[in-house]
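Input: a single structure, listed below in structure tokens.
All of the numbers you see were taken from the coordinates with simple rules; none came from a lab. This one's a predicted model, so the numbers in the text were calculated from it and none came from an experiment. A quick note on method: Cβ atoms are made from the backbone with ideal geometry, for glycine too, and the neighbour counts reach across all protein chains shown.
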Amino acid sequence: MVEDDQGRRPATKSTLIVVSHAIEQAALATAEDGPMVVFALFQRMAYFERERDVYQRIAARSAATIVGVVDVPAAEPPQGFDLVALDSAESLAREWTIAVLTPRFGAVLAAVDRETVDASAATLETGRVFAASWALRRDAAMYEVQRLRRLLAPRLPSTTVGNVDAALDRIRDLPAGQGETRADAVARLFADRFEREYRRGLATRARRPVVQQLANAGSHGPVHGDGSATLPGVLEESEFRRWALGGTVASGTLAVSLIGVRADRDQTLPYRLGRRVAGLASLEVARTLAGVIGPTDRVARLGDDDFLLVLPGMRHDDAVALAYRITSGGMIAPGGDAGLQFAATAAVTSTRERPFPLDAIVRALDWAVQHRVPVAALPE
């Protein structure tokens with residue numbers, strides 16, 4: 001994994017969960033090396049809620065515990081730690097950071113959201129990619145505590161700032177422990193191995209990429225008695241919901257462009273020839289749509305004629321351009337026996353909402369079909 005100029009490397013959310021839990025357990029470990037200062041940035045409240053009990057226990061052992069999230073409830077009661085409201089537009093809102101510092105110990109995870117997704121991830125959320133660094137070194141933790149103290153002090157009570165400063169004054173002039181670099185090397189090895197094994201396991205279990213599987217399929221796949229066809233590599237609605245909403249999800253983080261596509265029954269294939277032909281037509285539409293997406297994207301089937309393209313990280317304008325390409329009538333299914341050239345209507349939006357606004361996409365498709373508009377572009 002290639003590091004950037006700040007020593008950060010790409011890491012999936014799954015790996016960072018393991019690293020963050022390890023640092024939290026270090027903060028909870030019994031040790032007579034206080035005072036302890038802890039800073040944590042969680043991006044959104046939904047992510048912090050899963051760890052709230054842990055931070056209440058950490059706060060009981062520390063001189064100061066400060067947690068930053070974007071959507072702090074207005075009536076948030078005191079919890080023993082300081083909960084700082086972040087603005088969604090500020091750079092701190094993109095960070096996932098945990099820093100634990102004592103006179104004899106330091107640990108830090110510092111990660112910045114890259115707003116991309118690992119193509120082999122089991123769910124959209126666990127596949128989120130961050131530029132991250134982590135260390136079991138007191139100097140690295142002290143740097144992070146000083147940085148966050150400087151940025152957040154205006155939003156903290158004076159007593160909390162005083163406690164942080166008193167701890168820093170006590171820690172600053174103490175020499176580093178003699179075994180820090182060795183412990184840090186072990187921690188890095190374990191985290192790197194976990195990331196590699198995680199990716200390898202996903203690659204082994206996952207299906208081949210959607211584009212490759214559909215483009216190279218030797219047949220249409222099984223056609224059932226009712227005429228419906230199995231669509232290799234295309235997510236059925238239940239599969240899609242597991243992929244899109246698996247794990248703890250929060251609005252406001254990863255931007256995703258959505259393109260709803262409704263195939264025109266009358267112009268796709270002669271449906272009047274039977275339900276079996278209708279099933280093959282649906283497969284050919286899915287095959288065609290899968291041929292225009294990237295490895296991190298997904299195609300979901302929402303109904304006989306409705307499909308959804310999920311495009312993490314794609315800009316709104318690019319999604320609109322792709323929708324016009326799909327509806328222009330010039331797309332032909334790769335490898336299809338019929339060489340299908342289908343007509344379709346599309347609706348486009350880009351969103352940071354979770355769950356996705358699927359109802360709005362379907363309503364926009366209904367409107368576009370009714371008014372014979374090829375592409376309905378919803379606001380971002």
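The table below lists the values:
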| quantity | calculated |
| --- | --- |
| Local electrostatic count at Leu28 - Lys and Arg +1, Asp and Glu -1, tallied over other residues with Cβ under 15 Å | -2 |
| Glu380 versus Ser158: modelled label distance in nm, points set 7 Å from Cα along the beta carbon direction | 4.3 |
| Estimated FRET transfer efficiency (Arg50, Glu76; beta-carbon r; R0 22 Å; 0.05) | 0.85 |
| Alpha carbon centroid spacing (whole Å) that separates segment 14-41 from segment 102-159 | 12 |
| Within segment 1-139: Cβ-based charge dipole about Cα centre, in debye rounded to nearest 20 (Lys, Arg +1; Asp, Glu -1) | 340 |
| Spin-label pair Ala321/Asp139, simplified geometry with 7 Å Cα→Cβ offset, distance in nm | 4.7 |
| Spatial separation of Cα centroids for segment 53-76 and segment 298-320, in angstrom | 38 |
| Shape metrics for segment 15-57, restricted to C-alpha atoms - Rg then Dmax, Å | 11.2, 33 |
| Label point distance in nm, Ala343-Thr248, each placed 7 Å from Cα along Cα→Cβ | 5.0 |
| Order by protection proxy (mean Cβ within 10 Å, highest first), peptides 317-326, 367-376 | 317-326, 367-376 |
| Estimated FRET transfer efficiency when R0 is 56 angstrom, pair Arg57-Trp367 (beta carbons, to 0.05) | 0.60 |
| At R0 = 30 Å, FRET efficiency that the Cβ-Cβ distance of Glu90 and Gln146 yields, to 0.05 | 0.95 |
| Footprinting exposure proxy for Arg242, Arg149 (fewest neighbouring C-beta atoms within 10 Å first) | Arg242, Arg149 |
| Span per principal axis, largest first, for the Cα atoms of segment 70-150 (Å) | 42, 37, 21 |
| Local net charge near Arg155, Cβ-Cβ under 12 Å (Lys/Arg +1, Asp/Glu -1) | -1 |
| Burial order of peptide ranges 11-20, 74-83 (average beta-carbon count within 10 Å, highest first) | 11-20, 74-83 |
